[in-house]
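The values are calculated or read from the model by the stated rules, or taken from the named source; none is laboratory data. Model, not experiment: these values are computed from the prediction. Please note that ligands, DNA and RNA were not included when accessible areas were found on the heavy atoms of the full protein model with its side chains. Shrake-Rupley method; radii C 1.70, N 1.55, O 1.52, S 1.80 Å.
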Amino acid sequence: MSGGEALEAEAIGYEDDPYTYNEAMGDVDTNLWKKAMNVEMESMGSNKVWELVDLPEGIKPIGCKWVYKRKRGVDGKVETFKARLVAKGYTQKEGIDYDETFSPVAMLKERQQILGSLG
């Protein structure tokens, strides 16, 4: 690799994405991470993703964490900052924390039926 290529790669900025909230708050792009988190919270609020309820006695709440990602273009430059608040679902126990699961994924047969009805 020539010196020019090294400078270009450094100028593009291949920073690692933060793994924790504290890392995001200590990152050079702190303000952009805060904006991305605000956008996520506003989206969750407008889509009524959850409903606040009183915690039943003897039940431990499921935690959550932020996941951060710099979305880059084909040239490697950062185009957007994404922050997602995700549940730590791996701590859940079937029959205690949930009875059934839901995944908004259409099956292939359903997609074919939908597409068939359009044409």
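Residues in the range 1-43 that are at pLDDT below 90 and assigned to a helix (DSSP H, G or I): 3, 4, 5, 6, 7, 8, 9, 10, 11, 12. Of everything in the range 63-91 that is open to solvent by 60 Å² or more (accessible area, probe 1.4 Å) and outside any strand (DSSP E or B), the residue that is nearest to residue 20 (Cα to Cα) is 88.
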